[in-house]
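For reference, the structure discussed in these notes is given below.
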Amino acid sequence: MSTPTPKPGQHLPGPPQTVDPQQIHAEVDELLVGLTAVDPQDDHRSITHQAHVLERAHEVLVQALATVDKI
């Protein structure tokens, strides 16, 4: 008697999750376009803005990795 081996993520409710690498690239690229060179006259605001943009790009990548980990 042989029982089938379940596929990773098969036990999760709802439709199977997928990750489209092109979509992830597009989201990160769109965020990174918002980065500008640091203005010497306004270092704090520029650096704060860059940190915010990079944090958002990081979250997109972390979410994609978490989704792949569940599959």
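Restricting attention to the range 14-30, does a residue exist that is surrounded by 11 or more Cβ atoms within 10 Å (Cβ to Cβ), modelled with pLDDT of 90 or more and small (Gly, Ala, Ser)?
Yes: the range 14-30 contains one or more residues that are surrounded by 11 or more Cβ atoms within 10 Å (Cβ to Cβ), modelled with pLDDT of 90 or more and small (Gly, Ala, Ser).
Is it the case, given these coordinates, that residue 54 is open to solvent by less than 100 Å² (accessible area, probe 1.4 Å), modelled with pLDDT of 80 or more and assigned to a loop (DSSP other than H, G, I, E, B)?
no
Could you count how many residues in the range 49-63 are closer than 21 Å to residue 22 by Cβ and of a type in the set (S, T, N, Q)?
Final tally of qualifying residues: 1.
Which ones in the range 31-51 are in a helix (DSSP H, G or I) and loosely packed, with under 12 Cβ neighbours inside 10 Å?
Of everything in the range 31-51, those that are in a helix (DSSP H, G or I) and loosely packed, with under 12 Cβ neighbours inside 10 Å turn out to be 33, 40, 41, 42, 43, 44, 45, 48, 51.
The values are calculated or read from the model by the stated rules, or taken from the named source; none is laboratory data. Bear in mind the structure is a predicted one, so any value in this text is a computation, not a measurement. Cβ sites come from the backbone with ideal geometry, for glycine too, and all protein chains shown count toward neighbours. With ligands, DNA and RNA removed, areas are computed over all heavy atoms of the protein, side chains included. Shrake-Rupley method; radii C 1.70, N 1.55, O 1.52, S 1.80 Å.
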